[in-house]
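The values are calculated or read from the model by the stated rules, or taken from the named source; none is laboratory data. Not measured: the values here are computed from a predicted model. When we count neighbours, we look across all protein chains shown, and the Cβ atoms used for this are built from the backbone with ideal geometry, even at glycine.
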Amino acid sequence: MRMMRALSPLTAALLAVPLAGLLPSGAAQAAPDPNLTITQVTLDRTSVAVSGLNTYPINVTVKGGYRSSEPGDQGLVLNVVLDRTGGTGSRNDIVSADLKRTEGTLANGTWTGRLNVASTANGTFKVVGVMTGPYGAPNPGTPVDPTPYSGQTITVKGTNLPRISASVNPRVVPFGKPYTITWAVTNTATGKPYGSRIPIGLGVDVPCAEGGSPMYRTGTNGVITKAYTANDAGALNCAHIMADPYYIVGQWLFPARPTAVAAAPTKTSAPVGTVVPVNGSVAYMTGACPVQLQRLYGRTAWRTVSNGKVRQSGRFTVNAQPSYKGVITYRVYVPACQPFVAGVSKSFSIRGT
């Protein structure tokens, strides 16, 4: 059975990390497909200039073979992968469109097609491998890396690069409530829209990682506002403008969520120096985020005196320790922890005796 390179899902760490195409650059995979052999990859241009939302097509020719007796593999397509070697564009790799066999046999043939170069590829890219396609399509089998091939380098002069910005309303989305996102496409060189209705994919959850987002069009001002359900706020939201087969530019986010903190000491009085556990919870939070027990100094100064973390249950424990006889005021502070904004509990007191 032919094996395909699978697309890795986005993780929370990718919230501010753009995907390279639909595939995170450097995504961990297995090994190159042992049935694919590449002998030559040729690009008909090594330097292009691209502006704005346009792409520049480079003709691609691949010579090689695929070892298979399955009739379904006769229509095998290939994709050439190029990695960034220099420059400052927002893309880290680019991928050719599906290359079809135009000469020879599956075992010894020639595949041809196009590499559509986006302006956001500004910089230099080198051919690093070839993989079986179609690019981004889910397929059975074990994920594989592209078959390595050290090929040509192309130089891309990208200008008027696009950017997608997002404005979520409300800024912090309450649990169980719908919301809207206004997406805006602008020219980074001018800060203005391109003046046309731009096709844009707006997705939630899986399509943000694997492609297939529903398509819309912005207004001529580059803006589109979309309504989302309460459930959508718990998943990754995205907007992207596609070339074939990768995105030109994209934006990904989890809507910000409120942080509701509750905390109470296990004792309201204790001898000086005694450790008093403070138990609490953060609504809807399921672990890993830090919490800080803060003590009030003077009238307004809060200082952290103990640290802890939210457990998978959403609960936490931090330790207070009265340092003198008298009433000491505390609170629990939860720093911003994506997608939760910072939050504090009500203050409470422990009397040192």
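Regarding V172, is this residue in contact with a Pro (Cβ under 9 Å, 6 or more places away or on another chain) and either of a type in the set (V, I, T) or modelled with pLDDT of 95 or more (or both)? Give the derivation first.
Details: in contact with a Pro (Cβ under 9 Å, 6 or more places away or on another chain): yes; either of a type in the set (V, I, T) or modelled with pLDDT of 95 or more (or both): yes.
Yes, satisfied.
Out of curiosity, is T274 under 30 Å from I164 (Cβ atoms) and assigned to a loop (DSSP other than H, G, I, E, B)? Judged against the criteria, T274 is not a match.
How many residues are surrounded by fewer than 16 Cβ atoms within 10 Å (Cβ to Cβ), assigned to a strand (DSSP E or B) and either touching a helix residue (DSSP H, G or I) at 6+ places or on another chain (Cβ under 9 Å) or without any contact (Cβ under 8 Å) to a residue 40 or more places away in the chain (or both) when one looks only at segment 50-78? Total meeting the criteria: 1.
Look at segment 167-190: where a residue is farther than 15 Å from N231 by Cα and a partner is assigned to a loop (DSSP other than H, G, I, E, B) and of a type in the set (S, T, Y), sitting 6+ places away or on another chain with Cβ atoms under 9 Å, you get W183/T218; A184/T218; V185/Y194; V185/T218; T186/Y194; N187/Y194.
Checking each residue in segment 79-120 for being surrounded by 16 or more Cβ atoms within 10 Å (Cβ to Cβ) and among the small types (G, A, S) picks out G89, S90, S96, A97, G109, G113, A118, S119.
What number of residues within segment 282-299 are surrounded by fewer than 17 Cβ atoms within 10 Å (Cβ to Cβ) and under 24 Å from P258 (Cβ atoms)? Reasoning before the result, please.
At the first step, the residues of segment 282-299 found to be surrounded by fewer than 17 Cβ atoms within 10 Å (Cβ to Cβ) are 283-284, 286-288, 290, 296-299.
With the extra rule that they be under 24 Å from P258 (Cβ atoms), the set shrinks to 283-284, 286-288, 290, 296.
Within segment 282-299, residues that are surrounded by fewer than 17 Cβ atoms within 10 Å (Cβ to Cβ) and under 24 Å from P258 (Cβ atoms) number 7.
Go over the candidates T180, T186 one by one and state the one that is part of a strand (DSSP E or B), more than 30 Å from S96 (Cβ to Cβ), among the polar types (S, T, N, Q) and outside the structural domain of C337 (by TED's automatic domain parsing).
Working: T186 fails: more than 30 Å from S96 (Cβ to Cβ).
One residue alone meets the criteria, T180.
For segment 73-110, the set of residues classified as under 18 Å from Y135 (Cβ atoms) and small (G, A, S) consists of G75, S96, A97, listed by residue number. If you go through segment 226-240 and keep only what is surrounded by fewer than 20 Cβ atoms within 10 Å (Cβ to Cβ), hydrophobic (A, V, I, L, M, F, W, C) and assigned to a strand (DSSP E or B), you end up with just A227.
Being among the small types (G, A, S), modelled with pLDDT under 95 and under 15 Å from P245 (Cα atoms), is that true of even one residue in segment 7-24?
Kept after step one, since they are among the small types (G, A, S), are these residues of segment 7-24: 8, 12-13, 16, 20-21.
Applying the additional criterion that residues be modelled with pLDDT under 95 yields 8, 12-13, 16, 20-21.
If we keep only those that are under 15 Å from P245 (Cα atoms) as well, we get 20-21.
Within segment 7-24, one or more residues are among the small types (G, A, S), modelled with pLDDT under 95 and under 15 Å from P245 (Cα atoms).
Candidates in segment 202-221 are the residues that are charged (D, E, K, R) and either in contact with a His (Cβ under 9 Å, 6 or more places away or on another chain) or not in a loop (DSSP other than H, G, I, E, B) (or both); of these, the one that is surrounded by the most Cβ atoms within 10 Å (Cβ to Cβ) is E210. Scanning segment 277-290 for residues that are farther than 17 Å from I350 by Cβ and assigned to a strand (DSSP E or B) yields S281, V282, P290.
For segment 241-271, which positions are farther than 30 Å from S165 by Cβ and either in contact with a Pro (Cβ under 9 Å, 6 or more places away or on another chain) or surrounded by 17 or more Cβ atoms within 10 Å (Cβ to Cβ) (or both)? If you could, list the steps in order and put the result at the bottom.
The first filter runs over segment 241-271 and keeps only residues farther than 30 Å from S165 by Cβ, leaving 261-271.
V261, A263, P265, T266, K267, S269, A270, P271, listed by residue number.
Scanning segment 306-353 for residues that are farther than 22 Å from K267 by Cα, part of a strand (DSSP E or B) and among the small types (G, A, S) gives a single hit, G343.
The set of residues in segment 329-353 being under 15 Å from R295 (Cβ atoms) and buried (at least 18 other Cβ atoms within 10 Å of the Cβ) consists of Y330, R331, V332, Y333, S345, I350, G352.
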